[in-house]
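Every number in this text was worked out from the coordinates using simple rules, so none of it is lab data. Treat the numbers as computed from the prediction; the structure is a model and nothing was measured. Don't worry about glycine lacking a Cβ; one is built from the backbone with ideal geometry, like all the others, and counts go over all protein chains shown.
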Amino acid sequence: MSSLLIIRFLFAVLLASAAWFLHPFDFPAPYSAVAGFLAGGAIVLFEIQVRKTTLKRLFGAAFGSLLGILGAYIIALVLGHAFPAGSSTISFLEILLLLWMGYVGLMVGANKGDMLNLGALGGLFGGEKTSSQSFKILDTSVIIDGRISDIVETGFLDGTLVIPQFVLRELQLVADSADSLKRNRGRRGLDVLQRVQKMTQLTVQILEDDFPNVPEVDMKLIELAKVYNCKIVTNDFNLNKVAQLHGVEVLNINELANALKPVVLPGETMRVFILKEGKEYNQGVAYLDDGTMVVVDNAKKMISRTIDISVTSVLQTTAGKMIFGRFDDRMHAVHDKSASQSERPQGGSREHPAPAPAPQAAEARGSGVGAAG
């Protein structure tokens, strides 16, 4: 690091020395030297910022700026033939076009550069990693679900979140639906996107790519993930399976939520609130705070009460986790409402009914009651 600082300082000193002897803009020697040293410092600062960018962004910025300069040159030729030569207005317009299109090309190229796959060029770029580790395409379902914003806020996702334009169109159609439930879900999805865009941990990028010959949005997502070799973030079970068949990596929010649920072993004791009757004889049903369904034998008479139960088995399904337990009034306590409200249960919910479970837990409940029956 010290040698790098010496090189940067020598560069600024050399630029100041050159300005001292050459007198740019007819400045006196001392002023020229100061201007040269400041210019060298500005170049060093620019170099420090450029070192932080990826090769893809540099390549995209260079290519975009060249296209912008080329376009400005062509337009300047047309203006030179259309107006009298030597006009100060034409000279100003030419400089304006050059700066404008060069700047726009630089910024757009740098922004889109991360989508380039330099590994396909081979040679010097053969070792460049593809974007599969840095780009995640968001599905409509995971945007509407809303939990993606909480995950982003915790910092467990890195890279860039890509939102295809066709996903935004589908989200807008849901937000404009005549059905009030769908309309509210669509508007919540738009609010989630605005919240994610304001976070500094990730970059959110709108992608214009589309596949007109592919009518289904799910297949568009899969084709897009194939083109850019990146992952799809979803909570759609069917999309997850189809994408795996196509060899596309998927980050499933529901699988993440199931993996983060507390581990319960048979024989452990936990405290739950019996919410309703089960399908089997003398069964009660409870739900944990995360929506996990708990089927309790010998608990039908304990509906609307908080009890301690013994875990007998745990069933893990693709839709979620189910816990089976048994209540024995000779061994376990029954807690009345006033006592249970003052303390938080160890494994289950509070005395009052559990909150609305997550979508995957709702599906688990449906299948779980059937299993219980």
Shape of segment 131-259 from its Cα gyration tensor (a ≥ b ≥ c, root eigenvalues): rounded if a/c is under 1.5, otherwise prolate when a/b > b/c, or oblate?
-> rounded
Around Thr312, which amide H atoms from residues at least 5 apart in sequence, or from another chain, sit under 5 Å from its own amide H, with H modelled in the peptide plane?
-> Gly267, Phe324, Gly325, Arg326
Projected label distance in nm at Leu45 and Arg183, using a 7 Å step from Cα toward the beta-carbon | 5.2 nm
Mean-position separation - Cα centroids, segment 201-217 and segment 2-73, in angstrom = 38 Å
What shape does segment 2-115 take by its C-alpha gyration tensor, where a ≥ b ≥ c are the square roots of the eigenvalues and a/c under 1.5 counts as rounded, a/b above b/c as prolate, and the rest as oblate?
-> oblate
Determine the gain in length on full extension of the stretch Gln165-Lys279; use 0.36 nm per residue of separation and subtract their C-alpha separation, reporting nm with one decimal.
-> 36.4 nm
If amide H atoms are built 1.01 Å from N in the plane of the peptide, which residues on other chains or at least 5 residues away come under 5 Å of the amide H of Lys231?
-> Phe135, Ile137
Within the set of other residues whose C-beta is less than 13 Å from the C-beta of Tyr281, count the net charge using Lys and Arg as +1 and Asp and Glu as -1.
-> 0
Length-normalised contact order for segment 131-259 - Cα pairs under 8 Å, 6+ apart - percent | 32 percent
Filter on Lys241/Lys261; Lys301/Lys321; Lys241/Lys301; Lys198/Lys220; Lys220/Lys279 - keep pairs with C-alpha separation over 32 Å = Lys241/Lys301; Lys220/Lys279
1/(1 + (r/R0)^6) with r = Cβ-Cβ of Asn238 and Ser313, R0 = 41 Å, i.e. FRET efficiency to nearest 0.05, evaluates to 0.90
